[in-house]
Amino acid sequence: MNGTCARQVNYQVDENNKIKNVEFVNGCDGNLKGLAMLLEGMEVEDAIKRLEGITCGSNATSCPDQLAKALLEYKTKE
């Protein structure tokens, strides 16, 4: 996580390429808990498409954007 209030994001991807157990460390607690619940069971590619490029205020990135970057990195390591 770079350039965001959250310092870390933890997640898992199951054998069907679906996201589960998303947890942000720090950040906007309620918003990030809601985001985590919405992502539960979503396919990795769909989450990337929806989250990539989202900004937060005047910042060039956001917690959702940083998660998309982490998921892209995950995909390249597959």
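Points to keep in mind about this one:
- Helix 63-77 and the long axis of the chain differ in direction by around 30°, with both axes built from C-alpha atoms.
- Values [x] 89; [y] 81; [z] 107 are given for comparison; volume of the Cα convex hull per residue in Å³, derived from the coordinates here, is the one labelled [y].
- Between the beta carbons of Glu78 and Asn10, assuming R0 = 22 Å, the FRET efficiency works out to 0.75 to the nearest 0.05.
- Value of [θ]222 nm, deg cm²/dmol, for the chain, DSSP H segments ≥ 4, -39500 (n - 2.57) each, nearest 500: -13500 deg cm²/dmol
Each reported figure results from applying straightforward, stated rules to the coordinates on display, with no laboratory input. Keep in mind it's a predicted model, so treat the numbers as computed, not measured. Methodologically, a virtual Cβ is constructed for each residue, glycine included, from the backbone with ideal geometry; neighbour enumeration extends over all protein chains shown.
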